Amino acid sequence: MKYLLFSLLLAGACPAMAQAVQPGGDKDIRLQTPAELTKTAAELEQALIMQPNNIEYNIKLGFTYTRLGRADDAQRVFETVVRLDPKKAIAHYMLGLIYEKEGLEEKAIAAWTACLANATEPRLHDTALKHLNNLKAQ
């Protein structure tokens, strides 16, 4: 009986322990070396196989791809975030930057408009407004 209780407790702890470990570690991706970023991307890709709808993992992967200069991959991931949570302002923000850089003006305007509509942070709101005004002035 004692072993049964122990195994039940252990089985219940395993998922909790797995969730406590964050893919990519705790180091800020802005401070990671290219090798660390590559490792972080691989860890996040693996985690997303098990939890494809995990918005935080997707956002972290999008930023990791951005830091690695993988704009197409970052775009794909941030588009996934927007499909999962259309109100996620940071995903619209990043897509606005990516689309603008690619010269996709209509998509950039749509992304900045969505960012503006959903931003709660003043920095995101102000940046989206500036980009929208610049794009519409062209």
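The values are calculated or read from the model by the stated rules, or taken from the named source; none is laboratory data. Computed from a predicted model, the values in this text were never measured in an experiment. Note: ideal-geometry Cβ built from the backbone for every residue, glycine included; neighbour counts use all protein chains shown.
Applying a threshold of 7 Å to beta carbon distances and a minimum spacing of six or more residues, or different chains, the list of pairs starting in the range 35-48 at a residue that is closer than 14 Å to GLY62 by Cα and assigned to a helix (DSSP H, G or I) and ending at one that is among the hydrophobic types (A, V, I, L, M, F, W, C) and modelled with pLDDT under 95 reads LEU37/ILE29; THR40/ILE29. Pairing each residue of the range 58-78 that is basic (Lys, Arg) with any residue that is assigned to a loop (DSSP other than H, G, I, E, B), provided the two are 6+ apart or on different chains, yields C-beta distances under 9 Å for LYS60/GLN22; LYS60/PRO23; LYS60/GLY24; ARG67/GLN32. Per the listing GLN32, GLN46, the residue uniquely among the polar types (S, T, N, Q), more than 17 Å from LYS88 (Cβ to Cβ) and surrounded by 16 or more Cβ atoms within 10 Å (Cβ to Cβ) is GLN32.
For the range 95-105, the criterion of being within 15 Å of GLU56 (Cα to Cα), touching a helix residue (DSSP H, G or I) at 6+ places or on another chain (Cβ under 7 Å) and among the small types (Gly, Ala, Ser) is satisfied by no residue at all. Every listed requirement among (1) of a type in the set (Val, Ile, Thr); (2) in contact with a His (Cβ under 8 Å, 6 or more places away or on another chain); (3) without any contact (Cβ under 8 Å) to a residue 12 or more places away in the chain is met by VAL82 save one, (3).
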